[in-house]
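Okay, structure first, notes after.
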Amino acid sequence: MAEKEFDVYIEDTDGNVIMDEKVKSHANGFIDFWLPRDKTYRTKIEYGGKMAESELSTFDNDPTCITTMQLM
C-alpha cells in the first residue's frame, strides 16, 4: 500500500509508548521504524478500519525487515 497514511502504535514490554502517530508509507509500500536494540515491542498498525498486530524484537539475530504483518 504505497503512500498511504497509517495509525501506528508501538510500546515496549514495560508499557512505555515508543510511537503513537500517523505514518505515511513510502512509494514501495514499506514503513521504516528505528527502534532501540535488545528489546521486545508490541506493535499495532491500523488503516481503513483494519488492523495488524504483532510482537517485534530487536535482538542480534532478529530480522530487520518484517513482511508478515497483514491488515485484517
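What is the number of the single condition among (1) over 10 Å from the mean Cα position of the chain (by Cα); (2) at pLDDT below 95; (3) not hydrophobic (A, V, I, L, M, F, W, C) that residue 38 does not meet?
Of everything listed in (1) over 10 Å from the mean Cα position of the chain (by Cα); (2) at pLDDT below 95; (3) not hydrophobic (A, V, I, L, M, F, W, C), residue 38 misses just condition (2).
Consider the stretch 33-65. How many of its residues are surrounded by 14 or more Cβ atoms within 10 Å (Cβ to Cβ) and in a loop (DSSP other than H, G, I, E, B)?
Total satisfying the criteria: 4.
Among the residues of the stretch 11-22, which ones are more than 10 Å from the chain's Cα centre (by Cα), surrounded by 13 or more Cβ atoms within 10 Å (Cβ to Cβ) and not charged (D, E, K, R)?
18
Okay, residues lined up against (1) modelled with pLDDT of 95 or more; (2) of a type outside the set (A, V, I, L, M, F, W, C); (3) assigned to a loop (DSSP other than H, G, I, E, B):
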{"site": "7", "(1), (2), (3)": "yes, yes, no"}
{"site": "10", "(1), (2), (3)": "yes, no, no"}
{"site": "22", "(1), (2), (3)": "yes, yes, no"}
{"site": "30", "(1), (2), (3)": "no, no, yes"}
{"site": "68", "(1), (2), (3)": "no, yes, yes"}
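The values are calculated or read from the model by the stated rules, or taken from the named source; none is laboratory data. Quick caveat: nothing in here was measured; it's all calculated off a predicted structure. Cβ coordinates were reconstructed from backbone atoms using ideal geometry, including for glycine residues, and neighbour counts include every protein chain displayed.
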